[in-house]
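Novice: First the structure, then my questions, so here it is.
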Amino acid sequence: MTDVRVPAPAPGTAASDGDEASKPPAWGHRTHAWDEPHGWRRFGRYALLVVITVAVLFPVYTTVVSAFKPSDKFLVNPLVPDSFTLDVIREAWTSGNLGRYLFNSTVVAIAITTAQVVTSLLSGYAFAYLRFPGRKIVFYAFLATLLVPLEATVFVNFQTIESGLTLPFSLPLIGDHIPFGGLNSFQALIVPFLATAFGTFLMRQALLDLPSDLREAARLDGIGHLGFIRHVAVPLVRPTLAALALFTFLSAWNQYLWPSLIINEADANTVQSGLRVLSKSNLDQPNLVMAGTVIAAIPILIVLIIFQKQLVRGLTAGAVKG
Amino acid sequence: MLAPSAFILGLFIVYPLGRAVWLGQQRCNAFGDQCRSNGFDQYLDIFTSNEFQSALRATIILTVITVPLGLFLGVGLAVLADKHLRGVGFFRTAFSSTIATSVAVASLMWLFLLQPSVGALANIDWINSLFPVIKDPGLLQDPDTALPSVAMSSVWAGLGFTFILVTASLQGVPRELHEAAAVDGATGTMRFWKITVPLLAPTLIFVVIVLTTRAFQTFGEVDLLTNGGPRPGNSTTTITYFVYGEASVIASDPGLQAGGAVLLFVILLFLSGLQLRGLGRRTDLG
């Protein structure tokens, strides 16, 4: 729980010279930087940092300690790590169903991430390079969807997913009814999030930042739209793509409201709605719930440790380009 | 190329919003069916109802606690851990760590922390004797402390996000500026307000927007920590919980639920309008 690091080089306001910032300052050979506190002030600052760290990590500490304590010992003194067992973790994994939930969440988050990277690239490219009638109106319509919170649409989306979509006309191959899998299906968890305006604008901006002759040169070489995206644009906008992918993966993984509404069968839950079920049906066994919480937190912890760099980019993308 | 995105956004954002506006003026029977039009002044009825007003009040209190406190802690800790201290990396890791928790994970940690009989705080004697409410009836069970406790869990969960963003943009503040000001005799406090804050302004505004929106969308914390209770009074029923919570009074009334969802959208729209105006005025600082 404690291992997510803030990468030293930070894009933030100055994304381009992040590498400069990571080097030690020029006066690094001295023992103290000019603004480094020393003496009592130094001690005071450390003391303050330690106190706050203890406070911030306290909920994590109590969670981890209780997750690894046998149930009988847990009730006597839940705060002291005087005994250790994996039994509770094992119970959460099997009868608590956490293993199944992790699998479901992984499938859903990967599917949403993959789809959003593709749809964002395509629509971002369309807004960046294509001229078509009604372009402005569509552009502002996309922009406007950013203002609509999930909470306003979830209600009707529930009905759409539950009963499918009946079209007023018949499409080849599909017919006039799109079923969407119904409640408790993977499709239900995935389909509403296949595309976002956020991703569209992020990719549009990244594509517009490419040198303008590039598209022209590719066109003269006879490279079409999709060829340009695949072979020229993708390698160049890879950092933005990675940030978008991480941001999307985390958002998909952390969804709470949507899965807890459309899932009512135990096996179909994601990690988040599964934790909800675990908590509400085991109020008398907090250590089992805490064990589930530990299991649920570990994959994201690993993802964040691997992709620290993209995390800051992903978080600041909203600030700079949203 | 636009078709996939346009189809999804149209079907899952534009259409449901329009349909919710239509459904929101319908009145249904006790079983939630046989709905019929009740006129658009139903929105006014919902808005002025005691239940919605109470949810709005809870949401605003939550916002008033979490946004300033979250901003203060995020900026404070980022500045505190920005100095060239040995081992500062450890503290940064600790302060960022809550970014790894989802709403469910963070809320369940706090549920155990605050649980009145076997919970963590209830097992520390000196804290208990200072605040007897922790054991009886429990911070989440007492109508006066329930909402602030939910807010604390929210602030904790959001700390990592704020800390990482502010720390990242602090690195963009040139040290030469601080050094030059220090040579001219500016104290640390003066430099913080005259150099750090103006240069961080765009980030701080972004953080305020995100924290405010998040507060108005609070659902998971309430669902897991209090179920909208303690009852009666429902002091932690936020607007989102009022609309979607399984223990909400309107849980089986689709017309009122849709109406509440639309009102939430209108309120958020109003807030983002305010914030965009503020943003337009303040960006010249950055």
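Novice: Highest mean first, how do A:74-86, B:45-57, A:270-282 rank when packing is the count of other Cβ atoms within 10 Å averaged over residues?
Specialist: A:270-282, B:45-57, A:74-86
Novice: With only Lys, Arg, Asp and Glu charged, each at its Cβ (+1 for the first two, -1 for the last two), find how big the charge dipole of the protein assembly as shown is about the Cα centre; round to the nearest 20 debye.
Specialist: 1360 debye
Novice: Also: Once amide H atoms are placed 1.01 Å from N in the peptide plane, what residues at a sequence separation of 5 or more from A:His177, or on another chain, have their amide H within under 5 Å of its amide H?
Specialist: A:Leu167
Novice: Under a crude label model (7 Å from the Cα following the beta-carbon direction), how far is A:Asp87 from A:Ile174 in nanometres?
Specialist: It is 5.4 nm.
Novice: Collect residues whose amide H, placed 1.01 Å from N in the peptide plane, falls under 5 Å from the amide H of B:Gln26; neighbours closer than 5 in sequence don't count.
Specialist: B:Asn38
Novice: Which FRET efficiency value, to the nearest 0.05, is calculated for A:Asp284 and B:Ala247 with the Förster distance at 25 angstrom and r the Cβ-Cβ distance?
Specialist: Between A:Asp284 and B:Ala247 the formula returns 0.80.
Novice: Need one value for A:235-248: mean number of C-beta atoms belonging to other chains within 10 Å of its residues' C-beta atoms.
Specialist: Mean shielding by partner chains, rounded to a whole number: 0.
Novice: In nanometres, what is the gap between the two model label sites at B:Leu274 and A:Arg238, each 7 Å from Cα along Cα-to-Cβ?
Specialist: The modelled label-to-label distance comes out at 4.5 nm.
Novice: Which of A:Ala233, A:Ile110, A:Leu183 sits farthest toward the positive end of the charge dipole of region A:92-246, with +1 on the Cβ of Lys and Arg and -1 on the Cβ of Asp and Glu?
Specialist: Farthest along the dipole direction, towards plus: A:Ala233.
Novice: Any idea what the dipole of region A:189-322 comes to, in debye rounded to 20, about its Cα centre with Lys/Arg Cβ at +1 and Asp/Glu Cβ at -1?
Specialist: Approximately 260 debye in magnitude.
Novice: Sum up the charges of everything whose Cβ sits under 12 Å from the Cβ of A:Leu143, counting Lys and Arg as +1 and Asp and Glu as -1, but leave A:Leu143 out.
Specialist: Value of the local net charge: +2.
Novice: Using packing as a proxy for protection, rank A:38-51, B:157-170, B:254-267, A:182-195 so that the peptide with the highest average count of other Cβ atoms within 10 Å comes first.
Specialist: Ranking the peptides A:38-51, B:157-170, B:254-267, A:182-195 by packing returns B:157-170, B:254-267, A:182-195, A:38-51.
Novice: Kindly state, to the nearest 0.05, the FRET efficiency for B:Phe7 paired with A:Gln308, given R0 = 35 Å and r defined as their beta-carbon distance.
Specialist: Rounded to the nearest 0.05, the efficiency is 0.50.
Novice: When Cβ neighbours within 10 Å are restricted to other protein chains, what is their mean count per residue of peptide A:44-54?
Specialist: 4
Novice: If each residue's Cβ is checked for other Cβ atoms within 10 Å, how do B:Met109, B:Met1 rank with the fewest at the top?
Specialist: Lowest count first: B:Met1, B:Met109.
Novice: Can you tell me which of B:142-152, A:165-175 comes out highest on packing, and rank the rest after it, using the mean Cβ neighbours within 10 Å?
Specialist: B:142-152, A:165-175
Novice: So, one more: Let me know the number of lysine pairs in the protein assembly as shown closer than 22 Å at the Cα, not counting same-chain pairs under 8 apart.
Specialist: 9
Novice: Once the piece of chain linking B:Val183 and B:Cys35 is laid out straight, how much longer is it, given 0.36 nm per residue of separation minus the C-alpha distance between them?
Specialist: Contour length minus the Cα-Cα distance gives 46.0 nm.
Novice: By Kyte-Doolittle mean hydropathy of at least -0.5 and Cα axial length of at least 20 Å, which whole DSSP H helices of chain B are selected?
Specialist: For chain B, where a helix must reach 20 Å along its axis and average at least -0.5, the hits are B:50-80, B:146-170, B:197-216, B:254-282.
Novice: Can you find, among B:Leu114, B:Gln275, B:Leu177, the residue farthest towards the positive end of the dipole of chain B? Put +1 on the C-beta of Lys and Arg, -1 on that of Asp and Glu.
Specialist: Projecting each Cα onto the dipole axis, the largest value belongs to B:Leu177.
Novice: Could you let me know the centre-to-centre spacing of region A:48-103 and region A:249-322, using Cα atoms, in angstrom?
Specialist: Centre-to-centre (Cα) distance: 17 Å.
Novice: At q = 0.05, 0.06, 0.07, 0.12 Å⁻¹, what log₁₀ I(q)/I(0) does the protein assembly as shown have when each alpha carbon counts as one equal point scatterer in the Debye sum?
Specialist: Calculated log10 I(q)/I(0) at the listed q: -0.23, -0.34, -0.47, -1.37.
Novice: With runs of 4+ DSSP H residues as the only contributors, calculate the mean residue ellipticity of the protein assembly as shown at 222 nm using -39,500 (n - 2.57) per run, divided by the residue total and rounded to the nearest 500.
Specialist: Computed ellipticity for the protein assembly as shown at 222 nm equals -19500 deg cm²/dmol.
Novice: Go through region A:46-52 residue by residue and turn each phi into a ³J(HN,Hα) via Karplus (6.51, -1.76, 1.60, θ = phi - 60°); whole Hz please, and just put x for glycine and proline.
Specialist: With the stated coefficients, region A:46-52 comes to 4, 4, 4, 4, 5, 4, 5 Hz.
Novice: Give me a single rounded figure for B:107-117: the average over its residues of other chain Cβ atoms within 10 Å of their Cβ.
Specialist: The shielding value for this peptide is 6.
Novice: By count of other Cβ within 10 Å, fewest leading, how are B:Lys194, A:Lys136 ordered?
Specialist: A:Lys136, B:Lys194
Novice: Select from A:Ala47, B:Pro148, A:Phe201 the residue farthest towards the positive end of the dipole of the protein assembly as shown; place +1 on Cβ of Lys and Arg, -1 on Cβ of Asp and Glu, and compute about the Cα centre.
Specialist: Checked the options; the winner is A:Phe201.
Coordinate-derived values only; no laboratory data. Fair warning: this is a prediction, and the values are worked out from it, not measured in the lab. Positions of Cβ are backbone-derived with ideal geometry, glycine not excepted, and every protein chain shown enters the neighbour counts.
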